[in-house]
Amino acid sequence: MRYERVKGTRDVLPREALARRELEKLVHDKFSRAGFFPILPPTFEKYELYQHSTGEASDIVIKEMYRFADMGGRDLALRPEGTPSVMRAILENHLKIPIRLWYSMTMFRQDKPQKGRYREHTQIGAEIVGEAEPEADVELIKLGYDLFTEMGIEGMYLELNTIGCRECRPGYTEKLTRFLTEHQKELCEDCKLRTQRNPLRVFDCKVASCQEVLKSAPSQREHLCQGCKEHFDAVKKGLGRFSIPFGENERMVRGLDYYSRTVIEFKSTLLGAQDTLCGGGRYDYLAEELGGPPTPATGFAFGIERALLTSRGEDIFEFSGASIPLLVLPLGDKAQAYALELIFKLRQAGISVQAEFRSGGLSRKLKRADARNAERVLIIGEDEIAKARFILRDMHTGEQKEMTFEELLSLHELKGHSLLTNGED
RNA sequence: GUGGGUGUAGCUCAAUUGGCAGAGCACUUGACUGUGGCUCAAGAUGUUGGGGGUUCAAGUCCCCUCACCCACCCCA
């Protein structure tokens with residue numbers, strides 16, 4: 001029986017796996033400098049956690065969760081996003097606030113796979129917890145902006161909106177609900193439901209007739225309280241000051257329930273339908289929702305798969321596991337044993353080395369060395385063992401040199417060689 | 001959940017109105033048993049995604065099904 005991948009999952013092959021390591025290294029360096037520490041919460045949580053944070057009005061909780069019961073009858077779910085776990089971990093472990101955390105972890109959502117969308121995918125996220133000021137939003141956005149720029153994300157643009165706070169949102173939602181109720185018959189089925197569950201989400205609707213209705217809908221901008229207005233202005237001003245281009249999108253409301261005030265999305269024109277590369281925003285009430293003290297917070301997360309899909313990978317994330325800096329070619333039984341001992345010694349000395357043990361004469365072994373993309377080979381036969389001098393052959397130039405083990409060790413082109421050169425998967 | 005597309009060798013793809021399932025690349029072996037890449041020669045490879053039907057005959061036509069891709073919805 002041969003098995004295949006489960007729908008919506010993928011095998012990250014060596015080439016891409018190496019790219020991800022590079023990306024994580026870049027993120028780690030960058031985020032560390034801004035005071036972020038890594039955190040690794042578990043892969044599954046109580047279902048209830050997501051119900052109370054991601055929200056019962058969100059599509060994720062309504063229809064996309066991998067929900068299961070364990071043997072003890074606990075109601076659990078694979079994490080569909082990182083923020084709830086991070087906040088839960090902060091509260092549960094009494095981490096000192098303020099704190100900045102980042103993570104790179106897999107997420108699980110049971111929606112229909114598509115280009116750039118998988119049932120298991122990896123998100124890198126950053127959360128600033130305990131800072132209510134607009135500067136925190138600006139800092140975070142700038143961090144993302146710089147990161148994506150450095151990664152060479154093409155066709156990138158930033159969209160910004162504010163969705164108000166506890167003070168001003170209820171008044172607005174009430175007004176909006178009244179408006180939507182009046183126009184109920186002109187709305188699509190989904191929007192009729194949204195009117196009840198989360199009226200703001202109606203703005204997300206792509207149906208033309210709904211958008212038509214929304215044209216005359218009350219504007220949230222006019223209903224923002226003083227605090228929200230000032231906060232939003234400060235964020236925009238901050239972005240302007242650091243030359244981060246953005247577009248205001250009054251329609252963008254985000255799919256998760258816990259957001260307040262600032263919401264952001266980085267998009268790429270290269271992604272087609274799944275154009276959101278990175279989403280996030282402020283979530284000042286989440287801590288309280290989860291039974292903690294009032295704790296303002298802001299954060300974002302981006303999908304690695306999509307990021308890699310849109311980055312000029314060639315320049316920055318070029319690598320391969322194919323090239324072998326040094327390949328030992330033993331000739332004969334005695335040499336085979338000798339070679340094994342030799343490669344262990346060479347590796348101990350910091351040299352990347354492999355040996356071609358598969359049977360064959362020199363001609364065959366050289367052919368194999370070629371097929372394996374070896375940079376250099378070390379030929380070891382009876383004569384060489386007797387003399388304790390080996391033949392080092394450069395596979396590109398064909399140049400050969402005899403040398404002793406000590407001379408080999410001192411060749412510094414063999415040191416510090418990594419897999420990150422070029423080649424195929 | 002709704003639409004559209006694609007399934008043929010390890011990979012990329014051919015196959016005329018239904019008429020012997022093929023090519024290139026890759027692979028194996030040899031020419032060449034201590035000197036690779038080039039060349040030449042030979043070789044292996046398939047339930048044509050699966051099941052059923054029509055037919056003397058199905059990769060090709062019909063029905064069902066599965067997988068993948070793309071789009072809607074939504075999201076990273």
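With respect to A:I128, is the statement that it is without any contact (Cβ under 8 Å) to a residue 12 or more places away in the chain and assigned by TED's automatic domain parsing to the domain that holds A:A307 true?
Details: without any contact (Cβ under 8 Å) to a residue 12 or more places away in the chain: no; assigned by TED's automatic domain parsing to the domain that holds A:A307: yes.
Against the criterion (without any contact (Cβ under 8 Å) to a residue 12 or more places away in the chain and assigned by TED's automatic domain parsing to the domain that holds A:A307), A:I128 does not qualify.
For A:S243, indicate whether it is at positive phi and more than 10 Å from RNA strand B (Cβ to nearest atom). Write out each step before concluding.
Numbers: at positive phi: yes; more than 10 Å from RNA strand B (Cβ to nearest atom): yes.
Taking the combined requirement at face value, the residue satisfies it.
Condition first: of a type in the set (D, E) and either in contact with a strand residue (DSSP E or B) (Cβ under 6 Å, 6 or more places away or on another chain) or at pLDDT below 95 (or both). Now tell me which residues in the stretch A:233-256 satisfy that. Give the steps one after another, and end with the answer.
Our first condition is that a residue be of a type in the set (D, E); within the stretch A:233-256, this holds for A:233, A:248, A:250.
Residues satisfying the conditions are A:E248, A:E250.
Can you pull out the residues in the stretch A:147-206 that are buried (at least 21 other Cβ atoms within 10 Å of the Cβ) and part of a loop (DSSP other than H, G, I, E, B)?
A:I163, A:G164, A:L187
What are the residues in the stretch A:175-202 that are in contact (Cβ under 8 Å) with a residue 40 or more places away in the chain and more than 9 Å from RNA strand B (Cβ to nearest atom), if any?
Within the stretch A:175-202, A:K175, A:L176, A:R197, A:N198, A:L200 meet the criteria.
Between residues in the stretch A:359-379 that are in the same structural domain as A:G398 (by TED's automatic domain parsing) and without any contact (Cβ under 8 Å) to a residue 12 or more places away in the chain and residues that are within 6 Å of RNA strand B (Cβ to nearest atom) and in a helix (DSSP H, G or I), which pairs lie under 9 Å by C-beta distance while being six or more apart or on different chains?
A:G360/A:K367
Test A:T9 against the stated conditions and say whether it is within 12 Å of RNA strand B (Cβ to nearest atom), β-branched (V, I, T) and in contact with a helix residue (DSSP H, G or I) (Cβ under 8 Å, 6 or more places away or on another chain). Break it down into steps so the answer makes sense when it comes.
Details: within 12 Å of RNA strand B (Cβ to nearest atom): yes; β-branched (V, I, T): yes; in contact with a helix residue (DSSP H, G or I) (Cβ under 8 Å, 6 or more places away or on another chain): no.
The answer is no for A:T9.
Among the residues of the stretch A:105-130, which ones are buried (at least 20 other Cβ atoms within 10 Å of the Cβ) and among the acidic types (D, E)?
Selection gives A:E127 alone.
Yes or no: A:S85 touching a Lys or Arg at 6+ places or on another chain (Cβ under 9 Å), within 13 Å of RNA strand B (Cβ to nearest atom) and among the polar types (S, T, N, Q)? Walk me through how you get there before you give the answer.
Details: touching a Lys or Arg at 6+ places or on another chain (Cβ under 9 Å): yes; within 13 Å of RNA strand B (Cβ to nearest atom): no; among the polar types (S, T, N, Q): yes.
No.
Read through the list (1) without any contact (Cβ under 8 Å) to a residue 12 or more places away in the chain; (2) surrounded by fewer than 14 Cβ atoms within 10 Å (Cβ to Cβ), then give the number of the only condition that A:V12 fails.
A:V12 satisfies every listed condition except (2).
Would you pick out the residues in the stretch A:56-78 that are within 12 Å of RNA strand B (Cβ to nearest atom) and touching a helix residue (DSSP H, G or I) at 6+ places or on another chain (Cβ under 6 Å)?
Within the stretch A:56-78, A:A57, A:I60, A:V61 meet the criteria.
Filter the stretch A:168-206 down to the residues that are at pLDDT 90 or above and aromatic (F, W, Y) and list them by number.
Across the stretch A:168-206, the qualifying residues are A:Y172, A:F179.
Of all residues being of a type in the set (K, R) and within 6 Å of RNA strand B (Cβ to nearest atom) in the stretch A:355-376, which is nearest to A:A335 (Cα to Cα)? Just the residue, please.
Taking the stretch A:355-376 as the starting set, the residues that turn out to be of a type in the set (K, R) are A:358, A:364-365, A:367-368, A:372, A:376.
Then drop every residue that is not within 6 Å of RNA strand B (Cβ to nearest atom), which leaves A:364, A:367.
On the way: A:R364: 16, A:K367: 18 Å.
Applying the filter and picking the extreme gives A:R364.
Filter the stretch A:398-417 down to residues that are on the phi < 0 side of the Ramachandran plot and modelled with pLDDT under 90, then give me how many there are. Break it down stepwise before answering.
Residues of the stretch A:398-417 that are on the phi < 0 side of the Ramachandran plot, as a first pass: A:399-415, A:417.
Next cut, modelled with pLDDT under 90 only: A:410-415, A:417.
Of the residues in the stretch A:398-417, 7 are on the phi < 0 side of the Ramachandran plot and modelled with pLDDT under 90.
Does the stretch A:33-44 include one or more residues that are of a type in the set (V, I, T), surrounded by 18 or more Cβ atoms within 10 Å (Cβ to Cβ) and within 12 Å of RNA strand B (Cβ to nearest atom)?
Step one: of the stretch A:33-44, the residues of a type in the set (V, I, T) are A:39, A:43.
Cutting the leftovers down to surrounded by 18 or more Cβ atoms within 10 Å (Cβ to Cβ) gives us A:39.
In the following step, the residues that additionally are within 12 Å of RNA strand B (Cβ to nearest atom) were identified as none.
For the stretch A:33-44, residues of a type in the set (V, I, T), surrounded by 18 or more Cβ atoms within 10 Å (Cβ to Cβ) and within 12 Å of RNA strand B (Cβ to nearest atom): absent.
Only one residue in A:I351, A:I379, A:I391 is more than 7 Å from RNA strand B (Cβ to nearest atom), within 16 Å of A:A339 (Cα to Cα) and out of contact with any Cys (no Cβ under 8 Å at 6 or more places or on another chain), so which one is that?
Values: A:I379 fails: more than 7 Å from RNA strand B (Cβ to nearest atom); A:I391 fails: more than 7 Å from RNA strand B (Cβ to nearest atom).
Just one listed residue meets the conditions, A:I351.
Criterion first (free of Cβ contacts under 8 Å to residues at least 40 places away in the same chain, closer than 22 Å to A:L256 by Cβ and of a type in the set (D, E)) does A:D75 satisfy it? First the steps, then the outcome.
Working: free of Cβ contacts under 8 Å to residues at least 40 places away in the same chain: yes; closer than 22 Å to A:L256 by Cβ: yes; of a type in the set (D, E): yes.
Answer is yes for this residue.
Considering only helices (runs of 4 or more DSSP H) fully contained in the stretch A:1-100, which possess at least 3 residues that are under 18 Å from A:E127 (Cβ atoms) and aliphatic (A, V, I, L, M)? Show your work before the answer.
Values: elements: A:14-33, A:47-50, A:83-92.
Passing ranges, in order: A:83-92.
Here is a list: A:I163, A:I97, A:I153. Which entry is among the β-branched types (V, I, T), more than 16 Å from RNA strand B (Cβ to nearest atom) and touching a residue at least 60 places away in the same chain (Cβ under 8 Å)? It would help to see each step written out before you state the result.
Working: A:I163 fails: more than 16 Å from RNA strand B (Cβ to nearest atom); A:I153 fails: more than 16 Å from RNA strand B (Cβ to nearest atom).
Residue meeting the stated conditions: A:I97.
The values are calculated or read from the model by the stated rules, or taken from the named source; none is laboratory data. On a predicted model such as this, the values are computed, not experimentally measured, just so you know. Heads up, the Cβs are rebuilt from the backbone with ideal geometry, glycines too, and the neighbour counts pull from every protein chain shown.
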